[in-house]
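The structure appears right after this line, and notes come after that.
The values are calculated or read from the model by the stated rules, or taken from the named source; none is laboratory data. Here the structure is a predicted model, which means the values were calculated and not measured. Cβ placement follows ideal geometry from the backbone for every residue including glycine, while neighbour counts extend to all protein chains displayed. Side chains included, ligands, DNA and RNA excluded: accessible areas come from the protein's heavy atoms. Shrake-Rupley method; radii C 1.70, N 1.55, O 1.52, S 1.80 Å.
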Amino acid sequence: MEGDRMRNRRVSAFFNKKSYLIAAVFMVAAAFGMTGIYYTQQEKKQEEQLAKEQEEQIQQAKLEDAARKQEAEIKKKEEAEKKKEKEEAKAKQKAKEKEKEKEETEAVSGIIPPENDNFMDEPEVIAEVQTPVEPILHFDAETDLNWPLQGNVVLNYSMDQTVYFATLDQYKYNPAVIIKAEVNTPVKAVAAGKVTGVETTAETGATITVDMGDGFSAIYGQLKEIPKNTGDYVENGEILGYVNEPTKYYSVEGSNLFFELQKDGVPVDPMGYLQ
């Protein structure tokens, strides 16, 4: 009997311990479950907040795009109106110039009449006196300037800081753009004008300077076979010469066109004007 009671106590103790273990397991599982539910709710809130912020960013981006588009359209319209006004002003100016030229031509033209009516006895020479009228130079910096040739710019204009010249192995200011081109490439006038100088220098070789009016001048260097002389007029696109072998100042850069643009005698960046 005593042995049975001992076994019953052991069995009862075993089941009591097992119950505690089971209860502990359930409590741990419940704790993990609650924790999982909490983090799931937090993640859901974060996802909702993130989605809300993304939606707000998208709406803001759409508003900014619409504002930029509207601003671009307004700017485009204003530029078109300005261009139209300039074209109309230019057309009026050209019409005035033609009218003035016509009046000047009529004023200086005339026919010398015979001294007597008996011109059948001895014919008189009829002479027409006419003074040549020089064309008026007018340069529109926004529409008139074309490229003198097609090529890559190997040295950019730089008068606010020095740039590296490979041939000279030094840094210095550059008042022009150096355009890479093969020898014998034709060089064309960027705009109509009057030749004010044809000279040869050690740095730019054979060089021609053209006054285009309104204070603008173009200087073309590294040329050969220049067909113009000082005082000649050139048309827009007319050939001014051909690319020559480079001078000793540009032997590393190779054959090129030295192109300088001046306003009132001061170099300006041609890249801001070339079409």
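Ignoring ligands, DNA and RNA, what percent of the accessible area of the stretch 140-216 is carbon or sulfur (1.4 Å)?
Roughly 45 percent, rounded to a whole number.
Of the listed peptides 180-188, 75-83, what is their order by residue-averaged count of other C-beta atoms within 10 Å, with the highest listed first?
180-188, 75-83
Provide the descending list of Cα extents for the stretch 160-213 along its principal axes, expressed in whole angstroms.
36, 28, 19
Using the Karplus equation 6.51 cos²θ - 1.76 cosθ + 1.60 (θ = phi - 60°), what ³J(HN,Hα) coupling, rounded to whole Hz, does each residue of the stretch 70-83 give in order, writing x for Gly and Pro?
5, 5, 5, 5, 5, 5, 4, 5, 5, 5, 5, 5, 4, 4
Taking Rh as the Kirkwood radius computed over C-alpha pairs, what is the Stokes-Einstein D of the stretch 22-82 at 4 °C in a medium of viscosity 1.567 mPa s, expressed in µm² per second?
81
Quick query: amide H of D232 versus all other amide H atoms, modeled in the peptide plane; which residues come in under 5 Å with a sequence gap of 5 or more or a different chain?
Here the answer is V195, since their amide H atoms fall under 5 Å of that of D232.
Which order do peptides 37-46, 85-94, 149-158 fall in by mean Cβ count within 10 Å, highest first?
149-158, 85-94, 37-46
Average projected area of the Cα convex hull of the stretch 182-226, in nm²?
Averaging across all directions leaves 3.4 nm² for the Cα convex hull.
Students often check this: by mean Cβ neighbours within 10 Å, which of 64-71, 167-174 ranks highest, and how do the rest follow?
Order by mean packing, descending: 167-174, 64-71.
Of all the C-alpha pairs in the stretch 169-275, what % are more than 22 Å from each other?
The answer is 26 percent, as a whole percent.
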